[in-house]
Amino acid sequence: MENKKLGFQTRAIHTGNEIDKDTNAIKRPITMANSYALPYDPTDINWSGANKNLYTRNGGSNQQYLQEKIASLENTEDCIVLASGVAALSGLFFALLKSGDHIIFSSVTYIAVYRLFNELLNNKFNIQTSIVDTSNLEAISDAIRYNTKLIHIETPGNPTLSISDIKAIAKIAHSNNALLSVDNTLASPYNQRPLELGADFCIESLTKYINGHGDSMGGSISGKKEYLDIIRKESQINLGGVISPFNAWLIMRGAVTLPLRMKKHNENAIKIAEYLEKLECVSFVSYPGLKNHKSYEIAISQMENGFGGVLAFGLKTNHDTHNLFISYLQLITSAVSLGHDESLIVFLGENDERQYLYPKEFHNGFFRFSVGLEDVEDLIDDINQALEKIALLKK
């Protein structure tokens, strides 16, 4: 059957996987090779090409299988898989931008994007940057310049869970001869597919939901082949941020259960967000699935199956007691990253350098909570017993 006629779960299982011709194994093997056999006369080979197996930095078998799967899940014609989400982001920016270009980026983004745009690219390469609240369409339009090349957004935004209107921003970008890239990591392609909404590029940290097991790293850029051919040549081959065959194989394995896992992440997160919202000791809860989220209607319109497994919340207490709360948690682990099978939480204090970019309720410190796949009742019990120990929840 044609790939586009198959359902999301079916594509998650089958795309990129075939019976191995050498062993008849029904799963693709890990090809732990850094070189591939050359033809009889190799003199006409482009040593910086990516159109055949040559050298794993140019592209290896496991990378290619995973690229097929991710392109299918994102519903696009091409995909590049690299060593991490940051490798994907920096690879996209390096290949697309040149000295003198201007870019607009979300005020709520992953820290590496903030660092790249706010410091590295402009200081080192004279790329002009504007930080904008991209939930505000008027602010985006006002920031457009004659040399604006790219608008980069993250929705939901990490860590405040802000929402940006992908379809509307794509129209603004294209009407001004600019491109739109969307970091889709917190949503995953199960919940949201930016390319279907008009974006030119979709970036995923494969480390997170698509892998889902907290045991490998990778990143992907999806979009039109005409652009990805440039990125593949300039950023993958010549910068060398290639994914290892083993990590590609692990993510390939993890992606098979993405739809099933995301259903549970979505279900658990909304239940916990609604529960926290009712507690008097909680100062705020930010989750796009809550009706009081300021961009709830936009989230409903572009997030097809749910709102993801990450939420943010604060407690009506001081800095030290926020940390004490985390120390009493028994099931929920204090660790960075998100999208794992287990629940993870991190306290972001009031001294965060980007605090000035966040809504006022975030300024006293808050938690980013990546809700896992545990029984939700056990997670709520864990939160409750920790709150009781810090005397914020009475028995």
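Taken together, the values in this text are just the output of simple stated rules run on the coordinates, not laboratory data. Bear in mind that the values here come from a model prediction, so they are computed numbers and not experimental data. FYI the Cβ positions are ideal-geometry reconstructions off the backbone, even for glycines, and counts take in every protein chain you see.
Histogrammed with a bin width of 10 Å, the alpha carbon distances of the range 259-389 distribute as 13, 45, 35, 7, 0 percent, first bin at zero.
Against the chain, whose longest principal axis comes from its Cα atoms, helix 376-389 is set at around 50 degrees.
Within the set K98/K233; K208/K294; K167/K291; K316/K360; K271/K360; K294/K316, which residue pairs have Cα atoms separated by over 19 Å?
On the way: K98/K233 16 Å; K208/K294 26 Å; K167/K291 21 Å; K316/K360 14 Å; K271/K360 25 Å; K294/K316 21 Å.
Long pairs (Cα-Cα over 19 Å): K208/K294; K167/K291; K271/K360; K294/K316.
The C-alpha atoms of the chain define a longest principal axis, and helix 245-255 lies at about 50 degrees to it. Between E138 and E196, the modelled labels are 3.2 nm apart [label points 7 Å from Cα along Cα→Cβ]. Relative to one another, the C-alpha centroids of the range 309-363 and the range 25-46 are positioned 46 Å apart. 3J(HN,Hα) along the range 329-334, derived from phi through the Karplus expression 6.51 cos²θ - 1.76 cosθ + 1.60 where θ = phi - 60°, amounts to 5, 10, 9, 7, 9, 7 Hz, with x in place of Gly and Pro.
In summary, the chain shows an alpha-carbon radius of gyration equal to 1.01 times the 2.2 N^0.38 Å reference for compact globular proteins.
Note on the chain: with charges restricted to the Cβ of Lys and Arg (+1) and Asp and Glu (-1), its dipole about the Cα centre is near 400 debye.
Taking 0.36 nm per residue of sequence separation and subtracting the Cα-Cα distance, how much length would be gained by fully extending the chain between D41 and S337, in nm to one decimal?
Values: separation 296, 0.36 × 296 = 106.56 nm, distance 4.71 nm.
Stretched out fully, the D41 to S337 stretch lengthens by 101.8 nm.
Cα axis of helix 258-277 to longest principal axis of the chain: angle in degrees, 0 to 90, nearest 10? With both axes taken from Cα atoms, the answer is about 20 degrees. Taking each DSSP H run with n ≥ 4 as -39500 (n - 2.57) and averaging over every residue of the chain yields -9500 deg cm²/dmol at 222 nm. Summing charges over all other residues whose Cβ lies under 15 Å from the Cβ of K52, with Lys and Arg as +1 and Asp and Glu as -1, gives 0.
Tally Lys and Arg at +1 and Asp and Glu at -1 over the other residues with C-beta under 10 Å from the C-beta of I153: what net charge comes out?
Working: positive: none; negative: E154, D165, D183.
With Lys, Arg at +1 and Asp, Glu at -1, the neighbours total -3.
Entry note, the chain: relative contact order of 16 percent, from Cα contacts under 8 Å with a spacing of 6+ residues.
The residue list A112, T43, G349 was ranked by how far each Cα lies along the charge dipole of the chain toward its positive end, using unit charges on Cβ atoms, and T43 comes out on top.
Amide H contacts under 5 Å for F284: G314, restricted to partners 5 or more places along the chain or on a different chain, H placed in the peptide plane at 1.01 Å from N. Applying 1/(1 + (r/R0)^6) with R0 = 45 Å to the Cβ-Cβ distance of E377 and E77 gives a FRET efficiency near 0.55. Highest-first packing order for the peptide set 32-44, 156-168, 333-345 is 156-168, 333-345, 32-44, based on the mean count of other beta carbon atoms within 10 Å.
Packing order of peptides 310-318, 95-103, highest average first: 310-318, 95-103 (average count of other Cβ atoms within 10 Å over each peptide's residues). Secondary structure note: in the range 3-255, about 40% of the DSSP beta bridges are antiparallel. Report note on the peptides 286-292, 132-138: ranked by the mean count of other C-beta atoms within 10 Å, highest first, their order is 286-292, 132-138. Coupling constants for the range 42-53 follow from the phi torsions by the Karplus curve (6.51 cos²θ - 1.76 cosθ + 1.60, θ = phi - 60°), and in residue order they are x, 5, 9, 6, 7, 5, 10, x, 10, 8, 8, 5 Hz; glycine and proline get x. Couplings for the range 23-31, taken from phi via the Karplus curve 6.51 cos²θ - 1.76 cosθ + 1.60 with θ = phi - 60°, read 10, 6, 5, 8, 10, 4, x, 7, 9 Hz in order; Gly and Pro are left as x.
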